[in-house]
Amino acid sequence: RILRRQMVCRRDIDGLNAHFLLIYKSLIPPEEEKAKQKQLLTLLEKLVYKEWPQAQLYLYGSCANSFGVLKSDIDVCLAMEDADTIKSEVLLKLADILQSDNLQNVQALTRARVPIVKLMDPETGISCDICVNNVLAVVNTKLLRDYASIDDRLRQLAYIVKHWAKSRGVNETYQGTLSSYAYVLMCIHFLQLRRPAVLPCLQEMEATYSVTVDDIECTFFDQVEKLSGFGSRNKETIAQLVWAFFNYWAYHHDYANTVISVRQGSVISKHEKDWTRRIGNDRHLICIEDPFEISHDLGRVVDKYSIRILREEFERAAEIMQYDPNPCEKLFEPY
Ligand code: 3AT
Ligand code: MG
């Protein structure tokens, strides 16, 4: 029976691949959406430069890291010198300026962990969050984008995983599950560890890009055009990788003792990072090291309830990939 099942699986794998690729393609934002985002950014630049001629606006997050799905909001960082001490004043002033230009739902959230101004542009229908001097996010956006350009399978896998996480309700940091950023790091790490590897570890290679942000030295190899074809010895398809990804997080990851690290391209021990016990709100029940802010565990939002939900969802997905004859339907079933 097992042999028959394996044979059935193998025969279906081409069909399954095609299905995953269709889903992936359906999630890619069309060119018009990119154009609308650009239009909104141009408008924001015009308004911001009038008040602060020295400031710069940068896109970050999924609109710039190449993991943006259809109808994503855009994340914008306003970079200006000496704004750190008066961030909330800058945000309030910015909210004023935007409001008087007919942008809608303008709200300054000055007490959030990352303080922002939110707004909606009625002309393009796009919503936007603007933060001040969150330059690390701009740098980690570049790292993710550079990884995505090395092997198409990263973008495919991450879109499928994000789509799964959104459908299953496990992409909600305020409910104790993981951010999109954390899921993309999980995908990068997973592809670094395949054998043969699909992705290299850019932070372990010769540094061709280097910036210091908030006293953190961010360096990595960014001449990624030289790395095209890096993963070509690995022939795994997207269907196999999706299966293996969920299998890893369901049954093989050592939650009790290890941390995943994109920075080192390996797992490291919780002990080494002193992440073995709860300190304040950081419970370290699933540990994902930020590539630059290395004391930052992206799993710290996860608590003892949400870790169960997450792990049950990984197991559910792994089971579906293993046994369901038509896994795509079940995998993305709304929770
Ligand atoms: P969506 O498509 O909006 O779900 P996204 O890639 O925009 O995905 P997030 O909204 O989770 O991802 O985050 C926006 C960016 O902010 C991504 C990353 O550059 C940065 N970021 C998010 N969370 C963290 C974090 N905990 N530490 C450092 N940077 C972060
Ligand atoms: Mg976002």
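Figures for the structure shown
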item: Residue identified as within 17 Å of Tyr49 (Cβ to Cβ), surrounded by 13 or more Cβ atoms within 10 Å (Cβ to Cβ) and in contact with a helix residue (DSSP H, G or I) (Cβ under 7 Å, 6 or more places away or on another chain) among Val69, Val117, Val106; result: Val117
item: Every pair of residues 6+ apart whose Cβ atoms lie under 9 Å, when the first sits in the stretch 81-100 and is more than 15 Å from Lys118 (Cβ to Cβ) and free of Cβ contacts under 8 Å to residues at least 12 places away in the same chain while the second is hydrophobic (A, V, I, L, M, F, W, C) and surrounded by 13 or more Cβ atoms within 10 Å (Cβ to Cβ); result: Glu89/Ala83
item: Test set (1) away from ligand 2 (no atom under 14 Å from the Cβ); (2) at pLDDT below 90; (3) aliphatic (A, V, I, L, M) - Val69 fails condition number; result: (1)
item: Among residues of the stretch 34-73, those that are part of a helix (DSSP H, G or I) and near ligand 1 (Cβ under 10 Å from one of its atoms), counted; result: 3
item: Residue check, Val76 closer than 30 Å to Leu154 by Cα, within 16 Å of ligand 1 (Cβ to nearest atom), modelled with pLDDT under 95 and in contact with a Phe, Trp or Tyr (Cβ under 8 Å, 6 or more places away or on another chain); result: no
item: Every residue from the stretch 250-300 that is among the β-branched types (Val, Ile, Thr) and either over 25 Å from Leu154 (Cα atoms) or surrounded by fewer than 21 Cβ atoms within 10 Å (Cβ to Cβ) (or both); result: Thr258, Val267, Ile268, Thr276, Ile279, Ile294
item: Scope the stretch 240-261; condition touching a residue at least 60 places away in the same chain (Cβ under 8 Å) and out of contact with any His (no Cβ under 8 Å at 6 or more places or on another chain); matching residues; result: Gln240, Leu241, Val242, Trp243, Phe245, Phe246, Asn247, Trp249, Ala250, Tyr251
item: Every residue from the stretch 18-65 that is buried (at least 19 other Cβ atoms within 10 Å of the Cβ) and either without any contact (Cβ under 8 Å) to a residue 12 or more places away in the chain or among the polar types (S, T, N, Q) (or both); result: Gln37, Ser62, Asn65
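The values are calculated or read from the model by the stated rules, or taken from the named source; none is laboratory data. It should be emphasised that the depicted structure is a prediction, and the values quoted were computed from it without experimental measurement. Neighbour counts run over all protein chains shown; Cβ positions are idealised from the backbone, glycine included.
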